[in-house]
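Visitor: Let me give you the structure first, and then I'll get to my questions.
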Amino acid sequence: QVQLVESGGGLVQPGGSLRLSCAASGSIFRLDDMGWYRQNPGEQRELVAVINRDGITNYADSVRGRFTISRDNAKNSIYLQMRSLIPEDTAVYYCNAEGRSGYYASPMRYWGHGTQVTVSS
C-alpha cells in the first residue's frame, strides 16, 4: 500500500504565495503520474496540475502561469509552488499518485488526506 502525506497549507493573503509538498511512502514499486487536485464543499474535485516521471506537466487554465508543479523521483515527492494567490484558490488540496506497489501488482490510484489552503485578507 502507498500512503501520501501533504503539507504546507495554511492561510495567506491575496497576492501571497504558498508551497505544498507531498511525500509518498510505503510499498512503492513505481509511481507514474502525480498531481494536485482541489475541492470545495459541494463541488467536484478538480485537477490543478499533474506531472509525469519525465517532468512533463499540465495545468488547469485557472492556475497556469501562477502555479508550478515539480517532482523529485528519488524522494517520491511532488511540490506545488503557488504564487499570486486569489480567493478563488481557496480549497482543500489533495495529492494524487498513480502507480504500483509491486512488480505484479495492478496499477492503482492513491490519494492523500488533503491540506487546507485559504486565501483571504
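Visitor: Please list, in order along segment 105-114, the HN-Hα scalar couplings obtained from phi with the Karplus expression 6.51 cos²θ - 1.76 cosθ + 1.60 (θ = phi - 60°), rounded to whole Hz, x for Gly and Pro.
Guide: 6, 6, x, 9, 10, 10, 10, x, 8, x
Visitor: Follow-up question, since we're still on this one. Fully extended, how many nm does the chain gain between Asp54 and Ser27 (0.36 nm per residue separation, minus their Cα-Cα distance)? Mind dumping the intermediate values first?
Guide: Details: separation 27, 0.36 × 27 = 9.72 nm, distance 2.14 nm.
Result for the pair: 7.6 nm of gain on full extension.
Visitor: Rounded to the nearest whole Å², what accessible area per residue is found for the chain with the 1.4 Å probe?
Guide: Values: 6550 Å² over 121 residues.
Spelled out: the 1.4 Å probe surface of the chain, per residue, equals 54 Å².
Visitor: Another question, then. From the backbone phi of segment 57-74, what are the Karplus-calculated ³J(HN,Hα) couplings (6.51 cos²θ - 1.76 cosθ + 1.60, θ = phi - 60°) in whole Hz, Gly and Pro given as x?
Guide: My calculation for segment 57-74 gives 10, 8, 10, 5, 4, 5, 10, 4, x, 10, 10, 9, 9, 9, 8, 10, 5, 5 Hz in order.
Visitor: Right, another one. Quick one: 3J(HN,Hα) in Hz for segment 23-37, Karplus 6.51/-1.76/1.60 with θ = phi - 60°, rounded, Gly and Pro as x.
Guide: 10, 9, 8, x, 7, 10, 9, 7, 10, 9, 5, 10, x, 10, 10
The values are calculated or read from the model by the stated rules, or taken from the named source; none is laboratory data. In this text the structure is predicted, and so the values were computed from the model without any measurement. With ligands, DNA and RNA removed, areas are computed over all heavy atoms of the protein, side chains included. Shrake-Rupley method; radii C 1.70, N 1.55, O 1.52, S 1.80 Å.
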